[in-house]
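Since the structure comes first, as structure tokens, the remarks are kept for the end.
The values are calculated or read from the model by the stated rules, or taken from the named source; none is laboratory data. Every value quoted in this text rests on a predicted model; they were computed, and no experiment measured them. Here Cβ is always computed from backbone atoms with ideal geometry, including for glycine, and neighbour counts include all displayed protein chains. Note: areas computed on protein heavy atoms with side chains; ligands, DNA, RNA excluded. Shrake-Rupley method; radii C 1.70, N 1.55, O 1.52, S 1.80 Å.
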Amino acid sequence: MSVTIENLVTSGTFSLDGGTWDVDNNVWIVGNDEECVIIDSPHDAAAIISGVRGRKVLAILLTHAHNDHIGAAREVAHAVGAPIHLNLEDQILWEQVYPDATPDADIADGDEFRVGGATLRAIHTPGHSPGSTCFHLEQEGTVFTGDTLFNGGPGATGRSYSDYPTILTSIRERLLTLPAETVVRTGHGDNTTIAAERETLAKVSQ
Ligand SMILES: [Fe+2]
């Protein structure tokens, strides 16, 4: 049985280290007619809830805890009755948005989330943030990479809690080792493929 993958783009701002930037974020909804999971919950709770179309939401999976990926998470979670999952190495970032609450569940490397007969497997890819996590949907030949890997290369590592050598290691060892034809669905902007990003990364300095 296959699942559908729906994309929603919401707009708002990203703030860290005293700066604020306008951003468009991808939301990914993976499921079938009865149930789904939501990957990231940025900016616009109403738009995300509308995208669920009344289906049972099994989980809200967060790729990391930058405010532009989690700003609507609690409102969506409350509305649809779903738990929020986050690698708790990003707790320090989560607390900047929600100082008085914690996520419902930790995500560890290798955790599996079943939806519509398919399985999303968590891949811990630190670097953009300590807890950054990708979700591999092997059955559909795709991986959701958040801000770890974009069309054109690695995510940003210039601000607090990021580390460039760490993100390069994560991408090279955990993502570029996936099948070449794997479609990469990112946290911002267009899709790419593992094959295309192997070429990009071959040009990137150590
Ligand atoms: Fe980010």
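Structural remarks
- Taking every residue in the range 175-188 that is more than 16 Å from residue 121 (Cα to Cα) and more than 16 Å from the ligand (Cβ to nearest atom) and pairing it with any residue that is among the hydrophobic types (A, V, I, L, M, F, W, C) and at pLDDT 95 or above, at least 6 positions away or on another chain, the pairs with Cβ-Cβ distances below 6 Å are 180/194; 180/195.
- Pair list, Cβ under 9 Å, 6 or more apart: the range 20-35 residue free of Cβ contacts under 8 Å to residues at least 12 places away in the same chain, other residue open to solvent by 50 Å² or more (accessible area, probe 1.4 Å): 20/13; 21/13; 22/11; 22/13
- Candidate set from the range 138-148 (those that are away from the ligand (no atom under 12 Å from the Cβ) and surrounded by 24 or more Cβ atoms within 10 Å (Cβ to Cβ)); member that is nearest to residue 195 (Cα to Cα): 143
- Of the candidates 200, 157, the single residue that is at pLDDT 95 or above, outside any loop (DSSP other than H, G, I, E, B) and surrounded by 15 or more Cβ atoms within 10 Å (Cβ to Cβ) is 200.
- The residues of the range 90-107 that are more than 14 Å from the ligand (Cβ to nearest atom) and under 20 Å from residue 163 (Cβ atoms), listed by number, are 91, 95, 107.
- Given (1) free of Cβ contacts under 8 Å to residues at least 60 places away in the same chain; (2) open to solvent by 40 Å² or more (accessible area, probe 1.4 Å); (3) part of a loop (DSSP other than H, G, I, E, B); (4) not hydrophobic (A, V, I, L, M, F, W, C), number of the condition residue 166 does not satisfy: (3)
- Residue satisfying all of: in the range 169-185; among the β-branched types (Val, Ile, Thr) and within 26 Å of residue 4 (Cα to Cα); most open to solvent (accessible area, probe 1.4 Å) among these: 177
- Reported count of residues in the range 36-49, each being in contact (Cβ under 8 Å) with a residue 60 or more places away in the chain and either touching a His at 6+ places or on another chain (Cβ under 7 Å) or of a type in the set (Val, Ile, Thr) (or both), is 3.
- Within the range 96-115, one or more residues are modelled with pLDDT of 95 or more, in contact with an Asp or Glu (Cβ under 8 Å, 6 or more places away or on another chain) and open to solvent by less than 50 Å² (accessible area, probe 1.4 Å).
- When residues of the range 53-79 are limited to those that are within 17 Å of residue 31 (Cα to Cα) and open to solvent by less than 40 Å² (accessible area, probe 1.4 Å), the one nearest to the ligand (Cβ to nearest atom): 62
- Of the strands (runs of 3 or more DSSP E) entirely within the range 1-92, those holding at least 3 residues that are of a type in the set (Ser, Thr, Tyr) and more than 23 Å from residue 183 (Cβ to Cβ) occupy 4-16.
- Scanning the range 116-134 for residues that are within 16 Å of the ligand (Cβ to nearest atom) and not in a strand (DSSP E or B) yields a total of 8.
- Count - residues of the range 169-197 that are in a loop (DSSP other than H, G, I, E, B) and under 18 Å from the mean Cα position of the chain (by Cα): 8
- Scanning the range 1-30 for residues that are away from the ligand (no atom under 16 Å from the Cβ) and either touching a Lys or Arg at 6+ places or on another chain (Cβ under 6 Å) or closer than 19 Å to residue 133 by Cα (or both) returns 5, 7, 29, 30.
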